[in-house]
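K.L.:
Handing you a structure now.
The values are calculated or read from the model by the stated rules, or taken from the named source; none is laboratory data. Note that this is a predicted model, so its numbers are computed, not measured. Here the Cβ is made from the backbone with ideal geometry for all residues, glycine too, and neighbour counts use every protein chain on show. The accessibility values were calculated without ligands, DNA or RNA, using every heavy atom of the protein model including side chains. Shrake-Rupley method; radii C 1.70, N 1.55, O 1.52, S 1.80 Å.
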Amino acid sequence: MQATRSEVLFVDYMAEHLTATGRAAIVVPEGIIFQSGTAYKSLRKMMVDTSLVAVVSLPAGVFNPYSGVKTSILILDKRVHKQTASVLFVKVQNDGFNLGAQRRAVVNSDLPEAARLLRSWMVTPQDFEGDGVMAQAVARGRIGNSGDFNLSGERYLLAKSSTSSFSTVALSSVCTLVGGATPSKANESYWVNGTVKWISSRHIDEHGSVTGSDFITENAVAETSTGIAPPDSVILITRVSVGKFAYAKEPYAINQDLTAVIPKDRNILDSRYLFCVARELATIIESNAQGIGVRGVTRAFVGGLQIPLPPLEVQRQIVAEIDGYQKIIGGARQVLDNYKPLLTISPNWDSTRLDDLCNLVRGSSPRPQGDPKYFGGPVPRLMVADITRDGMRVTPVIDTLTEEGAKKSRPMLAGSVVMAVSGNPGLPAILELDACIHDGFVGFRDLDTKRLLSEFFYYVLFATKEANKSQSVGTVFMNLTTDQIREFMIPLPNLEIQRAIVAEIEAEQALVNANRELVRRMEAKVKAAIDRVWGKSV
């Protein structure tokens, strides 16, 4: 392929070298998906015609703090390509972590469902039934109709019916839109001893709250194009981290990635109602953002968006209903964010080296990586990405090995305790089924269950996770060595005490899980209330 862009040549190289039974999953910047250049269109056409079977759209911040670039995953497989005349489009909006620089864990990850849909598609594409929202199979002929072979999933996912019973108006007709700027860091008079709160997209969380600020001077506001979001206005992220929004409870100076939306007449438009409908506006902005690296929409585009405008009294009723749900969500999230199993270790308990209680094995991977002789078979393999802090028991869903590959890995029995030693060192789990383990784990075989219950062992490891992590070595990916783990001292109260502690923690976690379900139900009610305003079927 004749091209000068490295990402085009990179994808082209892999597509050209794919074997008849090979498979590639390629993370690509968003430009590959929609750029109109000749090389980009030729690349997309070649993939659609020869090997492209799925496109997975990822949120913009999944690679934070290293990169905020919007990405997708292209999945190429010539064997599956021959079995279907369609391409599967999957849209992941929540990968289980917020999209800020810290990437804190959140509930309701889309990944398990996305993985299930994708696996179903790859196994039997002819029997696949998408929901039209997270996943939809689209005929290859339809993708090529426009001639540009655009691979933006939003273009093809089925739209829900939208026939609001209220009149709709352009946002710019009832609101003033104000943009922002970033005062030059080279000018100290703009930043030193600043008293004006200044925010960017990194100060806005996934729940619509402003979580912090920097400070600039009044001089910076006066001499630059930095706009101010006044109290009781709505802030939309219209560049880079598109898809998020926030409510301004106090004045904020805003940077160039944000747009303040300010009601012109609060007797016509309640700002809290505007915040309620901003969820849908943010989704539209995210779906229509364009650009390579820096994605966004214009302020004119935002101003032209239509919003339903019920009478003021109805607006306030909608706000009151949603506020009631949000208060419950806020309380339940406090429980989810702050709970962790607490294990108080008595100084009267005996303790023993871990090496005296089990046999330690380090995970292993067949080589070469991706060889169909070893990979893609019926034997599940646990990957570090399979485990989270939210649950004790884990079922591998990401990777599989053949029987031959399993012989070159480290098989573990269902019920075995394993622990991550890289990526998230110290995080334990208990296998729900027989599985092999990746290099990033150690497994604990032949546990002496007459002295140590598996569940109690799990809680001991979980309680000492941070201490264990501090022993890890390495730079970007910290690692615990097997020799370090052998020296862990494990407390050993009698089995009756162990059982009582496990039962108490499990009772607590049942209550925590009830809060997680409460959040899910209340968020569904919030969505249903907003969908009613927009006239969407619920």
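K.L.:
Provide D232, D127, D205 ordered by accessible surface of protein heavy atoms (probe 1.4 Å), highest first. Can you show the working numbers first?
P.N.:
On the way: D232 70, D127 105, D205 35 Å².
So, going from the largest accessible area down, we get D127, D232, D205.
K.L.:
Ok, one more. Which entries in the list K91/K465; K91/K244; K407/K465 go over 25 Å, if you measure between the two C-alpha atoms of each?
P.N.:
Values: K91/K465 33 Å; K91/K244 16 Å; K407/K465 30 Å.
Where the Cα-Cα span goes over 25 Å, the pairs concerned are K91/K465; K407/K465.
K.L.:
If you don't mind, another one. Please report, in debye to the nearest 20, how large the charge dipole of the chain is about its Cα centre when each Lys and Arg carries +1 at its beta carbon and each Asp and Glu carries -1 there.
P.N.:
Numbers: 58 positive and 56 negative charges, 207 e Å.
With Lys and Arg at +1 and Asp and Glu at -1, about 1000 debye.
K.L.:
Separate question: Fully extended, how many nm does the chain gain between E517 and F301 (0.36 nm per residue separation, minus their Cα-Cα distance)?
P.N.:
Values: separation 216, 0.36 × 216 = 77.76 nm, distance 3.72 nm.
Extending this stretch completely gives an extra 74.0 nm.
K.L.:
With a cap of 15 neighbouring Cβ atoms within 10 Å, and only residues DSSP puts in a loop, list the trypsin sites (Lys or Arg not before Pro) found in segment 257-295. Working shown, then result.
P.N.:
On the way: sites: K264, R266, R272, R279, R295; in loops: K264, R266, R295.
The qualifying sites are K264, R266.
K.L.:
Right, next: Applying a 10 Å radius around every beta-carbon, put 51-60, 440-449, 328-337, 506-515 in order of their mean neighbour count, most first.
P.N.:
Numbers: 51-60: 23.4, 440-449: 19.0, 328-337: 15.6, 506-515: 13.1.
Per-residue Cβ counts within 10 Å, averaged per peptide and sorted highest first, yield 51-60, 440-449, 328-337, 506-515.
K.L.:
Ranked from the most accessible area to the least, with a 1.4 Å probe and all protein chains present, what is the order of E286, E113? List each step's numbers first, then the result.
P.N.:
Working: E286 30, E113 70 Å².
Largest accessible area first, the list is E113, E286.
K.L.:
Please work out how much accessible surface W349 shows to a 1.4 Å probe, ignoring ligands, DNA and RNA, in Å² rounded to 10.
P.N.:
Rounded to the nearest 10, that gives 50 Å².
K.L.:
What are the ³J(HN,Hα) values, in whole Hz, obtained from phi via the Karplus relation 6.51 cos²θ - 1.76 cosθ + 1.60 with θ = phi - 60°, for each residue of segment 11-20 in sequence order, with x given for Gly and Pro?
P.N.:
5, 4, 4, 5, 5, 5, 9, 5, 7, 5
K.L.:
Another question, then. Just read off the accessible area of L452 with the full protein assembly in place, 1.4 Å probe, to the nearest 10 Å².
P.N.:
Around 0 Å² of this residue is reachable by solvent.
K.L.:
Still on this structure, please answer the following. Long-range amide H contacts for G243: which residues qualify at under 5 Å (H placed 1.01 Å from N, peptide plane, sequence gap of 5 or more or a different chain)?
P.N.:
Close amide H contacts, sequence-distant or interchain: I237, E286.
K.L.:
Quick one: what are the phi-derived ³J(HN,Hα) couplings along segment 524-533, Karplus 6.51/-1.76/1.60 with θ = phi - 60°, whole Hz, x for glycine and proline?
P.N.:
Here the 3J(HN,Hα) series is 5, 5, 4, 4, 5, 5, 5, 4, 4, 4 Hz.
K.L.:
Using amide H atoms built 1.01 Å from N in the peptide plane, name the residues 5+ places from F441, or on other chains, whose amide H lies under 5 Å from its own.
P.N.:
G363, V421
K.L.:
Mind giving me the FRET efficiency for A507 and A105? R0 is 30 Å, r the Cβ-Cβ distance, nearest 0.05 is fine. Numbers along the way, then the final one.
P.N.:
Values: r = 23 Å, r/R0 = 0.75.
Calculated value: 0.85.
K.L.:
Among F301, F10, F456, what's the order by accessible area (1.4 angstrom probe), most exposed first?
P.N.:
Details: F301 65, F10 120, F456 0 Å².
Greatest to least solvent exposure: F10, F301, F456.
K.L.:
Further question: Which chymotrypsin sites (Phe, Trp or Tyr not before Pro) from segment 12-99 combine a DSSP loop assignment with at most 11 other Cβ atoms within 10 Å?
P.N.:
Values: sites: Y13, F34, Y40, F63, Y66, F89, F97; in loops: F63, Y66.
Those that pass, being in a loop and sparsely packed, are Y66.
K.L.:
Within segment 424-466, which residues have the backbone N less than 20 Å from the label spot 7 Å out from I497 along Cα→beta-carbon, could you tell me?
P.N.:
Under 20 Å, as judged by backbone N against the label point of I497, lie 448-465 of segment 424-466.
K.L.:
Here's something else I'd like to know. Relative to the longest principal axis of the C-alpha atoms of the chain, give the angle of the C-alpha long axis of helix 454-463, reported between 0 and 90° and rounded to the nearest 10°.
P.N.:
In the chain, helix 454-463 runs at an angle near 50 degrees to the longest axis.
K.L.:
Indicate the gyration tensor shape class of segment 201-283 (rounded, prolate or oblate), computed on the Cα atoms with a ≥ b ≥ c the square roots of the eigenvalues: a/c under 1.5 is rounded; otherwise a/b larger than b/c is prolate and the rest oblate.
P.N.:
Working: a/c = 1.88, a/b = 1.28, b/c = 1.48.
It is oblate, given that a/c is not under 1.5 and a/b is not larger than b/c.
K.L.:
Additional query: What 222 nm value per residue comes from the helices of the chain, counting each DSSP H run with n ≥ 4 as -39,500 (n - 2.57) and dividing by all residues, nearest 500 deg cm²/dmol?
P.N.:
So the helix-based figure for the chain works out to -10000 deg cm²/dmol.
K.L.:
Using 7 Å Cα-to-Cβ label points, what is the L413/Q369 separation (nm, one decimal)?
P.N.:
3.2
K.L.:
If you take every DSSP beta bridge fully contained in the chain, what fraction is antiparallel? Give it as a percent rounded to 5.
P.N.:
Details: 66 of 76 bridges.
Rounded to the nearest five, the antiparallel share is 85 percent.
K.L.:
To the nearest 0.05, what FRET efficiency results for V174 and D350 with a Förster distance of 56 Å applied to their C-beta separation? Walk me through the numbers on the way to the answer.
P.N.:
Working: r = 71 Å, r/R0 = 1.27.
Calculated transfer efficiency: 0.20.
K.L.:
From the square roots a ≥ b ≥ c of the eigenvalues of the alpha-carbon gyration tensor of segment 31-72, which class results: rounded (a/c under 1.5), prolate (a/b over b/c), or oblate? Before the final figure, lay out the partial values.
P.N.:
Values: a/c = 3.77, a/b = 1.85, b/c = 2.04.
Judged from the Cα gyration tensor, segment 31-72 comes out oblate (a/c at least 1.5, b/c at or above a/b).
K.L.:
Next question. Specify which labelled value, from (i) 30.7; (ii) 25.0; (iii) 28.8, agrees with mean projected area of the Cα convex hull in nm² derived from the coordinates of the model shown.
P.N.:
The calculated read-out lines up with (iii).
K.L.:
Could you provide, to the nearest whole Å², the per residue accessible area of the chain with probe 1.4 Å? It would help to have the intermediate numbers written out before the result.
P.N.:
Values: 25400 Å² over 538 residues.
Ligands and nucleic acids excluded, the result is 47 Å² per residue.
K.L.:
I need the calculated FRET efficiency for the pair S189 and S213, taking r as the beta carbon distance and R₀ as 30 Å, to the nearest 0.05. Intermediate results must be reported in sequence, preceding the final value.
P.N.:
On the way: r = 19 Å, r/R0 = 0.63.
Calculated value: 0.95.
K.L.:
Name the shape class, rounded, prolate or oblate, that the alpha-carbon gyration tensor gives for segment 293-440, where a ≥ b ≥ c are the square roots of its eigenvalues, rounded holds for a/c under 1.5, and otherwise prolate holds if a/b is larger than b/c and oblate otherwise. Could the numbers behind the result be given before it?
P.N.:
On the way: a/c = 3.39, a/b = 1.65, b/c = 2.05.
The shape class here is oblate.
K.L.:
Right, next: Considering amide H positions built from the backbone, and no H for Pro or chain starts, which residues 5 or more places from L258, or on another chain, come under 5 Å of its amide H?
P.N.:
The answer is G180, T238.
K.L.:
What are the ³J(HN,Hα) couplings of segment 171-182, residue after residue, when phi is run through the Karplus curve with 6.51, -1.76, 1.60 and θ = phi - 60°? Round to Hz, x for glycine and proline.
P.N.:
4, 5, 7, 10, 9, 9, 9, 10, x, x, 7, 10
K.L.:
Compute the distance in nm between two label points, each set 7 Å from the Cα along the Cα-to-Cβ direction, one at E432 and one at F166.
P.N.:
4.1
K.L.:
So what's segment 222-333 giving for Cα Rg divided by 2.2 N^0.38 Å, two decimals? Kindly include the intermediate steps, with their values, before the conclusion.
P.N.:
On the way: Rg = 14.9 Å, N = 112, 2.2 N^0.38 = 13.2 Å.
Ratio of Cα Rg to 2.2 N^0.38 Å: 1.13.
K.L.:
In addition: What is the spin-label model distance, in nm, from D446 to N145 if the labels are put 7 Å beyond Cα along the C-beta direction?
P.N.:
Going by the 7 Å Cα→Cβ label model, 6.5 nm.
K.L.:
Here is a further query. Run the numbers for D483 and N359: contour at 0.36 nm per residue of separation, minus the present Cα-Cα distance, in nm. Mind showing how you got there, number by number?
P.N.:
Values: separation 124, 0.36 × 124 = 44.64 nm, distance 1.20 nm.
Additional length available on full extension: 43.4 nm.
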